[in-house]
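The structure under discussion appears below in the form of structure tokens.
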Amino acid sequence: MKYDLVIFDADGTLRRCTVPGQVCPNQPGQWELLPGVAETLSGIEWGSPSHGRTALGIASNQAGIARGYLTEELARKMLEDTVEAAAGFRPIPGSVELCPHGTREGCSCRKPGPLMLQRLRDFWKTVPARTLFVGDMASDRGAALNAGCAFRWAADFFPGV
Ligand SMILES: [Mg+2]
Ligand SMILES: [Zn+2]
């Protein structure tokens, strides 16, 4: 692995909503991992870059919080649950970033803004050139460009999806 840090988008990248007609899960039990995700992530030796391992981060827009569909606390727990299901460990505090703001609030954390990626990069004490962001939407690619880090589409990172 040539990267110190691999950051993943959540919805449409690691997991999908199982409620028909609903884009993102609002409760536990409303999501499942996408095919190939657990197989790929369980094959990587995750850890701290300071120990020569690759760190895992999450950067997720969670506008459902601003819309009142779920609390920030629950959204964060469900992202931690997603990491545990996908990679086999509970992510440490500081490695999961979410944007709780609405689409029109003009915050700088909502992707394609770079702030969540920059925070994760700073948390893991690495640099843009050694950071990869994996996502499924143009706003993900935009966030990677704005943060100066590498980007791969989820469909390319997870073979067989
Ligand atoms: Mg997505
Ligand atoms: Zn935000």
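Any read-out appearing in this document is the output of simple, stated calculations on the displayed coordinates, not a laboratory observation. Computed from a predicted model, the values in this text were never measured in an experiment. Glycine gets a Cβ as well: all are built from the backbone with ideal geometry, and neighbour counts include every protein chain shown.
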Distribution output for the range 3-161: share of Cα-Cα pairs per 10 Å bin in percent, first bin at 0, values 11, 43, 38, 7, 0
Here the Cα Rg-to-2.2 N^0.38 Å ratio for the range 31-110 is 1.22
Candidate cut points under GluC sites (Glu not before Pro) in the range 53-161, DSSP loop plus at most 12 other Cβ atoms within 10 Å of their own Cβ, are 105
Longest the chain segment clear of trypsin sites (Lys or Arg not before Pro) sitting in DSSP loops (not H, G, I, E or B) with at most 15 other Cβ atoms within 10 Å runs 3-52
DSSP beta bridges in the range 14-161: the antiparallel percent, rounded to 5, is 25 percent
For the range 32-39, Karplus-derived ³J(HN,Hα) couplings (6.51, -1.76, 1.60; θ = phi - 60°; whole Hz; x for glycine and proline) come out as 9, 5, 6, x, x, 5, 4, 4
Isolated cysteines for the chain, Cβ-Cβ cutoff 4.7 Å, are 17, 24, 107, 149
Relative contact order in percent for the chain (Cα pairs under 8 Å, 6+ apart) equals 27 percent
Computed for the range 32-120: size of charge dipole around the Cα centre, +1 on C-beta of each Lys and Arg, -1 on C-beta of each Asp and Glu, debye to nearest 20, value 360 debye
Of the candidates 64, 151, 86, the farthest towards the positive dipole end of the range 35-157 (Lys/Arg Cβ +1, Asp/Glu Cβ -1, centred on the Cα centre) is 151
With +1 on the Cβ of every Lys and Arg and -1 on the Cβ of every Asp and Glu, the dipole magnitude of the chain about its Cα centre, in debye rounded to the nearest 20, is 380 debye
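For the chain, what does the helix formula give at 222 nm: sum of -39500 (n - 2.57) over DSSP H segments with n ≥ 4, over the residue count, nearest 500 deg cm²/dmol?
Working: 5 runs with 44 residues, N = 161.
Calculated from helices alone, the mean residue ellipticity at 222 nm is -7500 deg cm²/dmol.
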For the range 49-137, averaging the sequence separation of alpha carbon pairs under 8 Å that lie six or more residues apart and dividing by its residue count, the contact order in percent is 31 percent
